[in-house]
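Accompanying notes for the structure given below.
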Amino acid sequence: MASAVETAVKDSHVEKKKKPSARYWQDSKEKGKTENKSQNEAENGNKRKANKRKLKGDQRGGKMVLSGKSDPFPGPAPLPEERLQKFKRREKSKLPNRKRRKLRDVVARSEVVSEMAQKRAAQFDLLLPEEAGFLEGDEDEDTCMISQEDIAEAVDITSGAKYFNLNLSQFGPYRLDYSRTGRHLLLGGRRGHVACLDWQSKQLMCEMNVMESVNDVKWLHSESMYAVAQKKWLYIYDSKGIELHCIRKFNDVLCMQFLPYHFLLATASATGFLQYLDVSVGKEIAAICTKAGRLDVMCQNPHNAIIHLGHSNGTVTLWSPNQKEALVKMLCHQGGVRSVAVDKTGTYMVTSGMDKKLKVYDIRAFKPLQSYFLPAGASCLSLSHKGLLSAATGDIVQVYKDVWSTAVTKPYMAHRVRGTVWGLHFCPFEDVLGVGHGDGFTSMLVPGAGEPNFDGLDANPYRSSKQRQEWEVKALLEKIQPELISLDPDQLCHVDQASYEQKHKERVQALGFDPLAKEKFIPKLKKKGRSSSGNVERRKRQVAHEDQRDMIRTSVEDKMKIEKEIKKQERKKEALSGLRSALDRFKK
Amino acid sequence: ANSSRPFLSSHQMKVKVLSRNPDDYVRETKLDIQRVPRNYDPALHPFEVPREYTRALNATKLERVFAKPFLASLDGHRDGVNCMAKHTKSLSTLLSGSCDGEVKVWNLTKRECVRTLQAHEGFVRGMVVRFCGNSFFTVGDDKTIKQWKMEAPGYGEEEEPLNTILGKTVFTGLDHHQKEGVFATCGQQVDIWDEQRSSPIRSFTWGVDSFSSVRFNPVETELLASCASDRSIVLYDMRESTPLKKVIMNLRSNTICWNPMEAYYFTCSNEDYNLYTYDMRHLDRPVIVHMDHVSAVLDIDYSPTGKEFVSASFDKTIRIFPRDSGHSREVYHTKRMQHVICIKWSADNKYILSGSDEMNIRMWKANAAEKLGVLSPREREAVNYNQKLKEKFQHHPQIRRISRHRHLPKAIYSQAKELRVMKEARRRKEINVRKHSKPGTVPVVSEKEKHIVTVVK
């Protein structure tokens, strides 16, 4: 190998670069030796090869291949444990009893297959092309002191262009929403200005004024449609700004959430109604009266499609379309709740309230984890894919890192915008935070916020229109029915271990009668000569007797047993006392 | 990706912002296929289970939509089709013999009859193709065994058998050895013949009854099994002079078939509407009782994979059973199909051929919803994926209901219901009898043991 390189160097225009880099398994001494050797016996290739083989064979028992070289990395590449853990679906199940041979076989096989799948996925994870962004300050410099301009200057031009301001002072303050792929931005000004644009190329798709106050804007499943909650009704427009629907069933909507896998648009209104609209068929799925007054704080749990509502009495309630009552009510703050956010994995919920506190909850166990005091209180919250938390206090946007695992003292980043912040959203798959405020819109750079590697079949920022159409058909085909929304989304794959009694109870409730109940014996009357009252009575008694036989038998047996025991105890007592009166011999 | 290296600015800070090069994610020319980068991180794929469930439900529904099993009907016989034989070398050739002694050779790809010959007077009772595929044997009601060439006679030549053996009694069944020039017939006794001789080299009798079917074991090639009309199934070894053992059941078995992959199992079709799979080593109780037919089962054939078998019944239906299941997974019927007398599963595991009373041979798909023809790799992948999903969620009530739904003719439906009621009544009565008699006097007999009278060695 070494000799080949030497010869190549002589007549090659590419210099040292071609030399293979030293590997840790190659002994430096040995390398020197072989180099020397190669000069001496360049023509005697076979012999050298044999030597080398011998050397290698001595050093490590690597597997020999046809070429005679041993494999420096025998076996499959090692996988780090935490990466394997990332793809773990559930704990290993216990093998059933040996007697249940068939089931045991099936379980064992599926176990092997799932383990293999986990390994393959972890191996594939190594090959992902992109790495997440980061920001590190100088030794004694806080990252929160670094200004956006400095960051934009330090990074490449395309990334630097992602920091920009839109001065829209006329119709503000603005709410905003990014589409699921992160390519498109939807802006809704309080005073009726609605605009959607491809924010990376800054291409305006449509812009209009609806001549009404706008409460909230939301993209639907793709960038071709969006919903606008206006003063009175809910409207749906397409990307060219043409009004497609005006939905009069949904009035006074204040905020909206779109559940992408269910094709449901959840709206919360000023009248206290939580409504679900199936956008694939245009039907209202559920309308729930929450009886909690004006609903202006809302977020969804992306893990299980549960809607979280914040109320003015400090509670956060969890809702599914299948139940008229809240699934969970949590008292989170002493004042009203101002904002709620749930992270991507559905593990943590972050709330901020009028009591100027920011609290972190483990939403699976409904347990508080951290509580922070913000002097100004946070009006808007947003969580990124990678778990960065952005909180807006007045006109300052602060970004925090790791709010749930450690008690954070300083923000990761901070930025002052020109007006009071009204909407806050991290852009999916980008290190960008969109801020809608009184004076327009600001796109901020937040290194380390976005998921670096997207999945092309789920949300592809670079998809063509053909790919989008195909995705749309597939997504509609596998639309999840709203009945399947529950706190645990994996419930479908668990064995339903409801007891027989429970099942029977449900069946009785569903049917309205007990199918297993014994029919009440009704003697047929009007039989010749058999319907005399005496006979009827006797027959009844006979049947009653049949039924009671078992009971009587068992009760008699029980009585006998008890008597026996009593006698036994008496006898014991006597034996213990040892006293015998003269009359005892007459006892049985 | 290159442009996003950490930079060092005047601040001495290190920063990297996500910045993707679109060239890595968009195809270069229109002739390329689109790039689809994948990331299998579970956090990016929420609702894994409900989405898979929805896919499984869709797949199940589509399977029912596409379930069109009937392919073709081969007509030409002038009497009921009594027996069929698969060609051992050619997938597209089928032989059939009818009740008027006519034998037809069919080309299945063209779906036409390529040759017709009058083989016997009266029924053609049995037919088998020699392992080399050059000739075939027929037996008939006229007490003869005839060997025919597979090729049609040339122009001007007369249709004549290669060899004719005149037997003493009527033959009812026939099977050929897997490797040697030996074949077995059954009638009043089971005879083993050498192809070169005109008298049997061995005859087996056990009692004085007639046999309806004889089959060579495909792996232990010297072993045979036969069904006798005295309700027994008898096993023989060709090298011995006496039969090995027999099991007597409650009712008569009609035909027998060995599992080609696990050749110690055989399945017999019985007059009591059931099929029984036996382990040849333990005849005292069947491994599985396959129930679902509502009339006598007339014929059975295993798939070449040995995982399933198909049965033909007097109730005008065909049913497909998994090897290890007590109930059928599929039932085929048409309005015009009468009592199905013979059935074959094609050697490529794709088709089922049934011959019935009303003179037709019908060709069915073995998997009703399967797409025929060559599948593209993506199609095949999708099919496999859907298959796995259906398997995963098969026990969910909605999916099970859809996948099990079959339309049945009213007669069969009502008869099945009636049978169910009868069975339930019998069970209830047995329980009552047990309840009202001395404990231990009425033992519990399992379904498997119910139908066996005795085993004789």
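Take A:V446: with every protein chain present and a 1.4 Å probe, its accessible area is about 0 Å². Qualifying chymotrypsin sites (Phe, Trp or Tyr not before Pro) in region A:160-199, where qualification requires a DSSP coil assignment and no more than 11 other C-beta atoms within 10 Å, are lacking entirely. Dividing the summed helix terms, -39500 (n - 2.57) for each DSSP H run of n ≥ 4, by the number of residues in the protein assembly as shown produces a 222 nm estimate of -7000 deg cm²/dmol to the nearest 500.
Rounded to the nearest 0.05, the FRET efficiency derived from the C-beta distance between B:R35 and A:Y500 at R0 = 56 Å is 0.55. Computed from label points 7 Å out along Cα-Cβ, the spacing between A:N313 and A:I242 is 4.8 nm.
Given +1 at the Cβ of Lys and Arg, -1 at the Cβ of Asp and Glu and no other charges, the dipole of region B:70-373 around its Cα centre is 620 debye to the nearest 20. Of the GluC sites (Glu not before Pro) found in region A:189-279, the ones in coil according to DSSP and having at most 16 other Cβ atoms within 10 Å of their Cβ are A:E212.
Spin-label model, A:V543 to B:S241: label points 7 Å out along the Cα-to-beta-carbon direction sit 7.2 nm apart.
So if we plug the beta-carbon distance of B:V65 and A:L331 into 1/(1 + (r/R0)^6) with R0 = 45 Å, what FRET efficiency do we get, rounded to 0.05? FRET efficiency, B:V65 to A:L331: 0.30. Can you bin chain B into rounded, prolate or oblate? Criterion: square roots of the alpha carbon gyration tensor eigenvalues sorted a ≥ b ≥ c, rounded for a/c under 1.5, prolate for a/b above b/c, oblate for the rest. Prolate is the answer for chain B, as a/c is 1.5 or above and a/b outweighs b/c. For region B:27-84 versus region B:198-237, the spacing of their alpha-carbon centroids is 45 Å. The calculated FRET efficiency for B:T454 paired with B:D324, based on their beta-carbon distance and R0 = 35 Å, is about 0.85. With K and R counted +1 and D and E -1, the other residues having a Cβ less than 12 Å from that of B:T221 yield a net charge of -2.
In sequence order, region B:287-301 has phi-based couplings of 5, 9, 9, 9, 10, 2, 5, 10, 8, 4, 8, 9, 8, 8, 8 Hz under the Karplus curve 6.51 cos²θ - 1.76 cosθ + 1.60, θ = phi - 60°, and Gly or Pro positions carry x. Net length available on complete extension from B:V444 to B:T109 is 115.3 nm, with 0.36 nm assigned per residue and the Cα-Cα distance removed.
For a modelled paramagnetic label at B:K335, 7 Å from Cα along Cα-to-Cβ, no residue of region B:363-406 is in reach, as no backbone nitrogen comes under 13 Å. Here is the list for region A:94-138: trypsin sites (Lys or Arg not before Pro) lying in DSSP coil, each with at most 12 other C-beta atoms within 10 angstrom of its C-beta, are A:K94, A:R98, A:K99, A:R100.
Identify the residues of region A:453-496 with backbone N under 20 Å of a label point that sits 7 angstrom from the Cα of A:C206 along the Cα-to-Cβ direction, or state none. From region A:453-496, the list is A:465-466, A:468-469, A:472.
With respect to the cross-link table entries B:K350/B:K392; A:K99/B:K435; A:K291/A:K329; B:K246/B:K450, which display a Cα-Cα separation exceeding 20 Å? In this structure, B:K350/B:K392; A:K99/B:K435 exceed 20 Å between Cα atoms. In nm, give the distance between the simple-model label positions of A:K567 and B:N384, each being 7 Å from the Cα along the Cα-to-Cβ direction. My value for the distance between the label points is 7.6 nm. With the whole protein complex present, B:V421 retains an accessible surface near 100 Å², based on a 1.4 Å probe.
The values are calculated or read from the model by the stated rules, or taken from the named source; none is laboratory data. If you're wondering where the values come from, they're calculated on a predicted model, not measured in any experiment. We place every Cβ from the backbone using ideal geometry, glycine too, and count neighbours over all the protein chains shown. Side chains included, ligands, DNA and RNA excluded: accessible areas come from the protein's heavy atoms. Shrake-Rupley method; radii C 1.70, N 1.55, O 1.52, S 1.80 Å.
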